[in-house]
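K.L.:
Quick one: the structure is below, and I'll ask about it shortly.
The values are calculated or read from the model by the stated rules, or taken from the named source; none is laboratory data. Nothing here was measured: the structure is a model prediction, and the numbers come from that model. Cβ placement follows ideal geometry from the backbone for every residue including glycine, while neighbour counts extend to all protein chains displayed.
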Amino acid sequence: MYIFKPLPSWLIHYLNSSDEKPTKVFFRASTDGGDNIIPTETLSNNPSDSFEPKINVSGNSVHVIWTELQALLTGHDIFFRRSTDDGDSFGPIINLSDNSGNSTVPEMSTSGTDVYVVWQDTDPGNNEIFFRRSTVNGDNFDATQNISDSAGISHTPQLASTIG
Ligand SMILES: [Ca+2]
Ligand SMILES: [Ca+2]
């Protein structure tokens, strides 16, 4: 006797339209290859715009990052949220950048239970690329590292990792 369990497939979208402000990060998932899609869940919780969502799946975990406008004068921050039950529920929102610089353009990669996040940030005075790593599946993150640390404008980071 064989039991076939379709691989889960995931999708995320965010709405950016003039009739819904602020923009938010929405999550929807399908566990049957897209035949049925669970109701939309709103992952962001911010009175200003949330945008630039990125998603990664590792095992039963779903990791999502995005950018939020905090205030016009203090710029943006990078936020992270994870699910460990195939997207049925999500844990608390974590502010990964949490600084007064303009933190934008997040990218994410996973390898086993490691989660890697980069973004560009003006906190040091010019644009640098910041990096944070979790070795515990996003439960918490190590300290932020400035991995560009150059006088010029460093921007548009990309990230890749091998499967752990
Ligand atoms: Ca910031
Ligand atoms: Ca730089």
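K.L.:
Taking residue 123 as the residue in question, decide whether it is among the charged types (D, E, K, R), within 10 Å of ligand 2 (Cβ to nearest atom) and part of a loop (DSSP other than H, G, I, E, B). So that I can check it myself, show each step before the final result.
P.N.:
Details: among the charged types (D, E, K, R): yes; within 10 Å of ligand 2 (Cβ to nearest atom): no; part of a loop (DSSP other than H, G, I, E, B): yes.
For residue 123, the condition - among the charged types (D, E, K, R), within 10 Å of ligand 2 (Cβ to nearest atom) and part of a loop (DSSP other than H, G, I, E, B) - is not met.
K.L.:
Additional query: With the structure loaded, tell me whether residue 163 is of a type in the set (Val, Ile, Thr), more than 28 Å from residue 21 (Cα to Cα) and within 16 Å of ligand 2 (Cβ to nearest atom) or whether it fails that test. Let's see the steps before the verdict.
P.N.:
Values: of a type in the set (Val, Ile, Thr): yes; more than 28 Å from residue 21 (Cα to Cα): yes; within 16 Å of ligand 2 (Cβ to nearest atom): no.
No: the conditions fail for residue 163.
K.L.:
Suppose we keep only residues that are part of a loop (DSSP other than H, G, I, E, B) and at pLDDT 95 or above within segment 126-136. Which one would you say is nearest to ligand 2 (Cβ to nearest atom)?
P.N.:
The initial filter retains those residues of segment 126-136 that are part of a loop (DSSP other than H, G, I, E, B), namely 126-127, 135-136.
With at pLDDT 95 or above added as a condition, the list becomes 135-136.
Values: 135: 27, 136: 30 Å.
Ranking the candidates gives 135 first.
K.L.:
Would you check which residues across segment 94-120 are closer than 12 Å to residue 138 by Cβ, at pLDDT 95 or above and not in a strand (DSSP E or B) and list them?
P.N.:
Passing the criteria: only 96.
K.L.:
I've got another one for you. Filter segment 36-53 down to the residues that are assigned to a strand (DSSP E or B) and of a type outside the set (A, V, I, L, M, F, W, C), then identify the one that is nearest to residue 68 (Cα to Cα).
P.N.:
Filtering segment 36-53 for residues assigned to a strand (DSSP E or B) gives 41-42, 50-53.
Checking the rest, the ones that are also of a type outside the set (A, V, I, L, M, F, W, C) come to 41-42, 50, 52-53.
Details: 41: 17, 42: 14, 50: 4, 52: 9, 53: 10 Å.
So, considering only residues that are assigned to a strand (DSSP E or B) and of a type outside the set (A, V, I, L, M, F, W, C), the one nearest to residue 68 (Cα to Cα) is 50.
K.L.:
Out of the residues in segment 58-89 that are hydrophobic (A, V, I, L, M, F, W, C) and surrounded by 17 or more Cβ atoms within 10 Å (Cβ to Cβ), which is nearest to residue 111 (Cα to Cα)?
P.N.:
We begin by selecting, within segment 58-89, every residue hydrophobic (A, V, I, L, M, F, W, C); these are 62, 64-66, 69, 71-73, 78-80.
Right, trim to surrounded by 17 or more Cβ atoms within 10 Å (Cβ to Cβ) and you get 62, 64-66, 69, 78-80.
On the way: 62: 13, 64: 15, 65: 16, 66: 19, 69: 29, 78: 20, 79: 19, 80: 16 Å.
Per the stated criteria, the residue is 62.
K.L.:
Also: Answer yes or no: is there a residue in segment 137-145 that is within 14 Å of ligand 2 (Cβ to nearest atom), at pLDDT 95 or above and exposed (fewer than 15 other Cβ atoms within 10 Å of the Cβ). Give the derivation first.
P.N.:
First pass over segment 137-145, keeping only residues within 14 Å of ligand 2 (Cβ to nearest atom): 145.
Then keep just the ones that are at pLDDT 95 or above; that gives 145.
Still in the list and also exposed (fewer than 15 other Cβ atoms within 10 Å of the Cβ): 145.
Yes; the residues of segment 137-145 include at least one that is within 14 Å of ligand 2 (Cβ to nearest atom), at pLDDT 95 or above and exposed (fewer than 15 other Cβ atoms within 10 Å of the Cβ).
K.L.:
Given (1) among the small types (Gly, Ala, Ser); (2) part of a strand (DSSP E or B); (3) modelled with pLDDT under 90, where does residue 33 come up short, assuming only one miss?
P.N.:
Residue 33 satisfies all of (1) among the small types (Gly, Ala, Ser); (2) part of a strand (DSSP E or B); (3) modelled with pLDDT under 90 except (2).
K.L.:
Give the residues of segment 127-139 that are out of contact with any Pro (no Cβ under 9 Å at 6 or more places or on another chain) and within 14 Å of ligand 1 (Cβ to nearest atom), sorted by residue number. Full working, then the answer.
P.N.:
Just the residues of segment 127-139 that are out of contact with any Pro (no Cβ under 9 Å at 6 or more places or on another chain), to begin with: 127-128, 132-139.
Passing the criteria: 127, 128, 132.
K.L.:
Of the residues in segment 57-75, how many are at pLDDT 90 or above, within 16 Å of ligand 1 (Cβ to nearest atom) and either among the hydroxyl-bearing types (Ser, Thr, Tyr) or under 17 Å from residue 146 (Cα atoms) (or both)?
P.N.:
Looking only at that region, the number is 1.
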